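Worksheet: the structure to be examined is printed underneath.
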Amino acid sequence: MNLELTEYVSQFDGSSPEIIRAQILVSKHHLVIDLIEQNIAEGNALGTELFAKAQQIHDTTLMIRINNLTNDFNVYEGKLDEFISKAEYSYVLDNLLPVRTEHFSYTLTQLINALIFKGNNDERVLGLLREFASYPDIKKDGYWLYIQYLNTNPPSHITNQILIDFKVSNILELCDQIKNIYQEEANTLIYVDFLRESAKLLQNNGFIKEGQDYFISAMAENRKVYSSQLSEELAYYERKLVETEKEIEIQVQKSQTRLYSIIAALVGLLLLISIFFIYKTTRKSTLITEQKNEIEKKEKEKGLLLKELNHRVKNNFQLIIGLMEIQVMQMQNEEALNMANELKGRIRSMAYIHQNLLEIEGGEIVFDDYIKNLVEEISHSYHRENEPNITFDLEPSTFNVDIAVPLGLIVNELITNAFKYGFGDNNELIIQLKKEDTSQYKLSVADDGKGLDDLTSFDKAKSTGLRLVKRLSQQLHGEASYEYDGMAKFTINFSIA
């Protein structure tokens, strides 16, 4: 609290007397702390500084107060003469004022005690005691000093003067008179000190029984004082306990409030984080949906473009076939006519591929259906008297256009070859398509014709059709082979990987 006051006062203009006075009053507490902790060097330095400031603003009361506080450091150091000198200075300062300060009683008490302790100052002490007794408002605080002085010094003419001043004939009457005064209005602690000092003085002067009575009274008053102090302290500690409990309760409430605030803040933060993540998730989901829709849109557009492309390719093939048919009708050379028909068949097989692409979704050709349609078309183009017995042994298979086009050309060549050269007495044709494993397939076309002259005829084939079959088989990462076992059989092992 004092530190806060010091910082607060230091903000203002230090040249103002009121501010300087406030700074002195605040710093005075630091001086008291130095006294309690016996920080003699620091205390003396601070006291000198504060006394100079009090002189600067001509505040005699503050000068006396600071001088008295600083004088207590001389007690710690055992400097009796310096103590008396400072006490005399405070005494002089107080007497310079038109009205005594509140510190005058304390100053007189300190000065008289010091002079009594030093000794050989009887006249000076008596003068100060009489001055003390001349002030009605403070004289009761100085009566016990008479007893202390008489206890310290042997009977003398000063003793007689004191008895005369109080109009008594002996020490017992003096003690009784002062006792009556203290019983009416004296400070309790001073009264206890008086009784204790009086008990000693009476016993030293032959009043043994009376001294014992005073001592018993001192003990009784002391018990009252400490009992009262104890009660006050107990009441004080009870109040402090209640205040402490109240403070603890307030602190607990503050802690709970702070805890609730923290919890509320954390809940709010978690809520914000949750909202953020929900927003991010929703946004991400929205973006994914938008991207998915965009992809689907592009896929749809791609599909439409592919259909349009296949449609145009098919139309172009049909146009080419139409032109070739016109050209074939004008041909007279049979060899050229055969070559043109073979070429037309090959183009037709590719046209069927694109026709199928127009009719399906996904860009995959259902190849077993394609083979059947192609065989039917080739059969119509060759007007045979006896329809061949065609056996289809086809596993359901779908291929993309990269596989379907070369494979369709191979099928076209082998079927066309069978219709042109292959049929025997039974007029039999067997077409097989088998899946060997995940990516391996086997295509075979067999007829009951006489077949090739020998096996080497296929390996060294010079005809365009057979060479095309071998070339296209290689394109499919496969191999074409030929065998004859009652039927001429061409086999294509290929991969779609």
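The values are calculated or read from the model by the stated rules, or taken from the named source; none is laboratory data. Small disclaimer: the values here were computed from a predicted structure and weren't measured. All Cβ positions, even for glycine, are placed from backbone atoms using ideal geometry, and neighbour counts span all protein chains on display.
Inclusion of I138 among residues that are under 22 Å from L62 (Cβ atoms), surrounded by 15 or more Cβ atoms within 10 Å (Cβ to Cβ) and over 60 Å from the mean Cα position of the chain (by Cα) is warranted.
For I147, state whether it is in contact with a Lys or Arg (Cβ under 9 Å, 6 or more places away or on another chain), within 26 Å of F83 (Cα to Cα) and either assigned by TED's automatic domain parsing to the domain that holds L201 or not aliphatic (A, V, I, L, M) (or both).
For I147, the condition - in contact with a Lys or Arg (Cβ under 9 Å, 6 or more places away or on another chain), within 26 Å of F83 (Cα to Cα) and either assigned by TED's automatic domain parsing to the domain that holds L201 or not aliphatic (A, V, I, L, M) (or both) - is met.
As for the range 208-231, it holds at least one residue that is at pLDDT below 85, among the small types (G, A, S) and loosely packed, with under 11 Cβ neighbours inside 10 Å.
Of the residues making up the range 161-168, none is outside any helix (DSSP H, G or I), in contact (Cβ under 8 Å) with a residue 12 or more places away in the chain and either touching a Ser or Thr at 6+ places or on another chain (Cβ under 9 Å) or assigned by TED's automatic domain parsing to the domain that holds S217 (or both). Picking from residues in the range 169-200 that are assigned to a helix (DSSP H, G or I) and exposed (fewer than 13 other Cβ atoms within 10 Å of the Cβ), the one that is modelled with the highest pLDDT is N180.
Suppose the filter is touching a residue at least 12 places away in the same chain (Cβ under 8 Å), part of a helix (DSSP H, G or I) and assigned by TED's automatic domain parsing to the domain that holds H30; does R124 pass it? It is false that R124 is touching a residue at least 12 places away in the same chain (Cβ under 8 Å), part of a helix (DSSP H, G or I) and assigned by TED's automatic domain parsing to the domain that holds H30.
Yes/no per residue for (1) surrounded by fewer than 12 Cβ atoms within 10 Å (Cβ to Cβ); (2) on the phi < 0 side of the Ramachandran plot; (3) at pLDDT below 80; (4) more than 60 Å from the chain's Cα centre (by Cα):
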| residue | (1), (2), (3), (4) |
| --- | --- |
| I273 | yes, yes, no, no |
| Y279 | yes, yes, yes, no |
| T286 | yes, yes, no, no |
| K300 | yes, yes, yes, no |
| F317 | no, yes, yes, yes |
| E325 | no, yes, yes, yes |
| E335 | yes, yes, yes, yes |
| G362 | yes, no, yes, no |
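Applying the selection to the range 481-497, what residues are farther than 17 Å from T416 by Cα, assigned to a strand (DSSP E or B) and in contact with a strand residue (DSSP E or B) (Cβ under 9 Å, 6 or more places away or on another chain)? Walk me through how you get there before you give the answer.
Residues of the range 481-497 farther than 17 Å from T416 by Cα: 481, 483-486, 493-497.
With the extra rule that they be assigned to a strand (DSSP E or B), the set shrinks to 481, 483-484, 493-495.
Correct list: S481, E483, N493, F494, S495.
Listed by position, the strands (runs of 3 or more DSSP E) inside the range 376-480 whose residues that are aliphatic (A, V, I, L, M), in contact (Cβ under 8 Å) with a residue 60 or more places away in the chain and buried (at least 17 other Cβ atoms within 10 Å of the Cβ) number at least 1 are 428-435.
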